[in-house]
1. Pull out the extension gain between Lys34 and Glu138, defined as 0.36 nm times the separation in residues minus the alpha carbon to alpha carbon distance; nm, one decimal.
2. If each residue of separation counts as 0.36 nm, what is the full-extension length gain between Thr102 and Ser17 once their alpha-carbon separation is subtracted?
3. With all protein chains present, how much of the accessible area of region 118-170 (probe radius 1.4 Å) comes from carbon and sulfur, to the nearest whole percent?
4. Residues with beta-carbon under 13 Å from that of Thr96, excluding Thr96: net charge, scoring Lys, Arg +1 and Asp, Glu -1?
5. Go through region 110-124 residue by residue and turn each phi into a ³J(HN,Hα) via Karplus (6.51, -1.76, 1.60, θ = phi - 60°); whole Hz please, and just put x for glycine and proline.
Amino acid sequence: MLKVQEIREIIKLIDHSSIDEFIYESEGTKVKLKKNGVQVTTETVVSQPKPAAPAVETPASVEVNPAPVAPTAKEAKADVDVKESAVNDASLHQITSPMVGTFYQSSSPDTPAYVQVGDKVTEDGVVCIVEAMKLFNEIEAEVSGEIVEILVKDGQLVEYGQPLFLVKAN
């Protein structure tokens, strides 16, 4: 949920821009601001929230860093097809991300990765870290077995429930 100060800053930005309507949804809460209609509402959605990036128009006065170049549609589709076929393999256990955050294979850049493909893991063995809001959360394997595939890259943003590893369970 947004803090009051953050909402005030958003109102100021919208007031000084050409944006007429702003909608923000996060963790089951929806904030909707209308400039001309003088409407500010906050709704709490009871259903299970789906992690999604809010669609926001950026006012011209706000500086935005350029997004990294995305792969072509053909490259992205080929990569997704390979990942989906491996992820959908019923004989493999998926270790999924319990939160939205940044995936790290090791505790610091100068230390080796917790696990590599082919490594044996135990149920309580740490396989990676997911950093969310400056908190580094150790992710455990949840199953004993062998790491078959690492599905994300070091430093990549991951979503809630996104598969991180495939494990051939013992």
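1. Additional length available on full extension: 33.3 nm.
2. Details: separation 85, 0.36 × 85 = 30.60 nm, distance 3.17 nm.
So the chain would gain 27.4 nm between Thr102 and Ser17.
3. On the way: 1530 of 3030 Å².
Carbon with sulfur: 51 percent of the solvent-accessible area.
4. Values: positive: none; negative: Glu140, Glu142, Glu159.
Here the count lands on -3.
5. Values per residue, Gly and Pro as x: 9, 10, x, 5, 4, 9, 10, 4, x, 6, 8, 10, 10, 4, 9 Hz.
The values are calculated or read from the model by the stated rules, or taken from the named source; none is laboratory data. The model shown is predicted, which means the values in this text are computed figures rather than measured ones. Quick reminder, even Gly has a Cβ in these numbers, built from the backbone with ideal geometry, and neighbours come from all protein chains shown. Protein only, heavy atoms only, side chains kept; ligands, DNA and RNA dropped before computing areas. Shrake-Rupley method; radii C 1.70, N 1.55, O 1.52, S 1.80 Å.
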